[in-house]
Amino acid sequence: MERKDFETWLDNISVTFLSLTDLQKNETLDHLISLSGAVQLRHLSNNLETLLKRDFLKLLPLELSFYLLKWLDPQTLLTCCLVSKQWNKVISACTEVWQTACKNLGWQIDDSVQDALHWKKVYLKAILRMKQLEDHEAFETSSLIGHSARVYALYYKDGLLCTGSDDLSAKLWDVSTGQCVYGIQTHTCAAVKFDEQKLVTGSFDNTVACWEWSSGARTQHFRGHTGAVFSVDYNDELDILVSGSADFTVKVWALSAGTCLNTLTGHTEWVTKVVLQKCKVKSLLHSPGDYILLSADKYEIKIWPIGREINCKCLKTLSVSEERSICLQPRLHFDGKYIVCSSALGLYQWDFASYDILRVIKTPEIANLALLGFGDTFALLFDNRYLYIMDLRTESLISRWPLPEYRKSKRGSSFLAGEASWLNGLDGHNDTGLVFATSMPDHSIHLVLWKEHG
C-alpha cells in the first residue's frame with residue numbers, strides 16, 4: 001500500500017476505532033494481536049511499558065509532590081533521589097522534609113536559611129555524625145603533660161583549660177594545640193576560675209586568691225574560711241566573688257577590695273559547689289536579670305539572693321529525699337531557667353520559676369551515672385568506665401566512649417565537660433573542640449575531643 005493510501009486508511013480506521021465501546025476496542029486489539037508476528041509483538045511490548053508508567057513527581061504540582069514526600073522516611077528519600085535527575089531536583093528542594101529529618105536527629109535548625117539544598121547537605125552531615133556516635137567513632141583523645149603533682153582543679157572556657165595542682169602552680173592550656181599559654185606559681189589549688197586577665201583560686205590552705213596571668217603576681221588574698229575552699233565563682237560586673245568551703249559556709253566577697261561582705265550559713269556538710277548566675281525567669285522571689293547564688297553540699301542545694309545585706313535569707317532548699325538519705329552527685333547545672341543534678345535516684349530537673357521538680361529520669365542505665373552537662377536535646381554523663389551521651393527526648397543513651405583509670409574526686413573538681421552548645425542540639429559547626437577533661441594518676445590531663453567530620 002502506498003504511503004498516502006496508508007495514511008488515509010489509518011485515519012478512517014482511527015475514526016471508527018474511537019467510536020467503538022471499550023469492550024469493542026478490547027476485542028479489536030485482541031484480534032489484531034492474534035494476527036501479529038514476533039516483530040509486532042516485540043514493538044508492542046517495548047512501547048507499552050513507557051505508555052503505562054506515569055512520573056507523578058514530574059506531573060503533579062510541586063506543592064502536592066512535597067506533601068507526598070513528607071510521608072517518606074529520609075533514607076527512602078535518598079534512594080528516590082537516584083531515580084532520575086528530575087526526582088533528585090524535586091526531593092532536594094523540599095526544605096521542610098530535610099529540616100524535619102535534621103530535627104529528629106537532634107540538630108538545631110535556623111529557619112532563616114531557606115536554601116533547600118543546604119538542608120539536604122546538613123542532613124547528610126548529621127546522619128554521618130550520628131552514625132559515628134552510634135559506632136563510638138566520634139571522638140579522639142590527647143593528653144596535657146606539665147604538672148609534677150596531682151591536679152585537683154580544672155576549669156574550661158573558650159578553648160582554654162586551666163589546671164590547678166598540688167605542685168603549687170596553675171597552668172593555662174590551649175586545648176587545640178596542647179600548648180601551655182601561661183604557668184604561674186600559686187598555693188595548692190582545690191578550685192580555679194579564670195578570664196583573660198586573672199585567675200581566681202580556692203585552696204586547701206583555707207583561702208581564696210586572685211592572680212594576674214601576665215605577671216604571675218597575687219593581686220588579692222581572701223582570708224576568713226576555716227576549712228578548705230572547694231568552689232569559687234565571681235562576677236566582674238557585680239564586683240563580687242563567692243566561695244564554698246569545708247567549714248559548711250558560703251562567703252560573699254568584694255572582688256576588688258578583698259573584704260568579706262557576707263557569710264551564708266545553713267549547710268551541714270562541705271559546700272562543694274557555688275554558682276553565680278543571672279536569673280532568666282520570673283517568680284514570686286526573683287525577676288529576670290536578678291543575680292542568684294546556688295550552693296550545694298552532699299544532700300542539699302540552697303538558693304540565695306545576691307545582695308550586700310548582712311542577714312541574707314535562703315530563698316529555697318532543694319533535695320531529692322526529705323530524710324536526707326540520698327546523696328547528690330557533686331556536679332550541678334544551672335542556666336538561669338532550670339537546675340539539674342544527678343543522684344542515685346536518677347537525674348532531677350527543677351523549674352527555677354516555681355522550684356517544682358519538672359522531670360526525673362530514672363532509667364536503669366543511669367542509676368550510677370554522674371552529670372557533666374545538660375542541654376535542651378542532649379545530656380553528657382559518665383561513670384568509672386565510660387562517657388555517655390543521652391538523648392533527652394527519648395531518655396536513651398545513644399553513645400559511649402571508654403575512659404582510662406582517671407583520678408577520682410568526691411567533690412567533682414578533677415573532671416569537667418568542655419564545649420556545651422552542642423547539648424542544645426548539634427548544628428554541624430558546634431561539634432568541635434573539647435568534650436571532656438579529667439586529671440590522671442600520673443598528673444597528666446586526659447582530653448576527649450570531637451573528631452573532625454569525615
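The values are calculated or read from the model by the stated rules, or taken from the named source; none is laboratory data. Source: prediction; values computed, not measured. Cβ atoms come from the backbone with ideal geometry, glycine included; neighbour counts cover every protein chain shown. Side chains included, ligands, DNA and RNA excluded: accessible areas come from the protein's heavy atoms. Shrake-Rupley method; radii C 1.70, N 1.55, O 1.52, S 1.80 Å.
Suppose we filter the stretch 106-127 for residues that are farther than 11 Å from D427 by Cβ, under 21 Å from the mean Cα position of the chain (by Cα) and buried (at least 18 other Cβ atoms within 10 Å of the Cβ); how many remain?
2
Would you check if A209 is open to solvent by less than 50 Å² (accessible area, probe 1.4 Å), farther than 23 Å from R407 by Cα, over 28 Å from the mean Cα position of the chain (by Cα) and modelled with pLDDT of 95 or more?
The answer is yes for A209.
Any chance the stretch 128-137 includes a residue that's open to solvent by less than 80 Å² (accessible area, probe 1.4 Å), under 21 Å from T377 (Cβ atoms) and acidic (D, E)?
yes
Here's the yes/no breakdown for (1) within 17 Å of Y123 (Cα to Cα); (2) at pLDDT below 85; (3) in contact with a strand residue (DSSP E or B) (Cβ under 9 Å, 6 or more places away or on another chain); (4) in a helix (DSSP H, G or I):
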position	(1), (2), (3), (4)
L41	no, no, no, yes
N47	no, yes, no, yes
Y67	no, no, no, yes
V83	no, no, no, no
N88	yes, no, no, yes
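Name the pairs whose Cβ atoms lie under 7 Å apart, with the first residue in the stretch 24-48 and without any contact (Cβ under 8 Å) to a residue 60 or more places away in the chain, the second surrounded by 10 or more Cβ atoms within 10 Å (Cβ to Cβ) and in a helix (DSSP H, G or I), and 6 or more positions between them or separate chains?
Pairs found: K25/F17; T28/F17.
If we scan the stretch 309-330, do we find a residue that is in contact with a His (Cβ under 9 Å, 6 or more places away or on another chain) and either more than 19 Å from D376 (Cβ to Cβ) or modelled with pLDDT of 90 or more (or both)?
As a first pass, look at the stretch 309-330 and keep what is in contact with a His (Cβ under 9 Å, 6 or more places away or on another chain): 315.
From what's left, either more than 19 Å from D376 (Cβ to Cβ) or modelled with pLDDT of 90 or more (or both): 315.
Scanning the stretch 309-330, I find at least one residue that is in contact with a His (Cβ under 9 Å, 6 or more places away or on another chain) and either more than 19 Å from D376 (Cβ to Cβ) or modelled with pLDDT of 90 or more (or both), so the answer is yes.
Checking L397 against (1) open to solvent by 30 Å² or more (accessible area, probe 1.4 Å); (2) of a type outside the set (K, R); (3) free of Cβ contacts under 8 Å to residues at least 60 places away in the same chain; (4) outside any strand (DSSP E or B), only one condition comes out false. Which one?
L397 satisfies every listed condition except (4).
In the list T177, T141, which residue meets the criterion of being in a strand (DSSP E or B) and hydroxyl-bearing (S, T, Y)?
Of T177, T141, the one residue that is in a strand (DSSP E or B) and hydroxyl-bearing (S, T, Y) is T141.
Select, from G183, G178, the only residue that is under 17 Å from S439 (Cβ atoms) and open to solvent by less than 40 Å² (accessible area, probe 1.4 Å).
Matching residue, one of G183, G178: G178.
Does the stretch 4-14 contain at least one residue that is in contact with a helix residue (DSSP H, G or I) (Cβ under 8 Å, 6 or more places away or on another chain) and part of a helix (DSSP H, G or I)?
Scanning the stretch 4-14, I find no residue that is in contact with a helix residue (DSSP H, G or I) (Cβ under 8 Å, 6 or more places away or on another chain) and part of a helix (DSSP H, G or I), so the answer is no.
Out of (1) under 30 Å from T438 (Cα atoms); (2) open to solvent by 10 Å² or more (accessible area, probe 1.4 Å); (3) part of a loop (DSSP other than H, G, I, E, B), the odd one out for K313 is which?
(1)
Picking from L332, L387, L381, L358, which residue would you name as being closer than 23 Å to V229 by Cα and not in a loop (DSSP other than H, G, I, E, B)?
L332
Could you please find all residues in the stretch 406-435 being in a loop (DSSP other than H, G, I, E, B) and modelled with pLDDT of 90 or more?
Residues satisfying the conditions are G418, E419, A420, G425, N430, D431, T432, G433.
Residues that are open to solvent by 100 Å² or more (accessible area, probe 1.4 Å), over 30 Å from V97 (Cα atoms), of a type in the set (A, V, I, L, M, F, W, C) and free of Cβ contacts under 8 Å to residues at least 40 places away in the same chain: does the stretch 54-77 have at least one?
No: the stretch 54-77 contains no residue that is open to solvent by 100 Å² or more (accessible area, probe 1.4 Å), over 30 Å from V97 (Cα atoms), of a type in the set (A, V, I, L, M, F, W, C) and free of Cβ contacts under 8 Å to residues at least 40 places away in the same chain.
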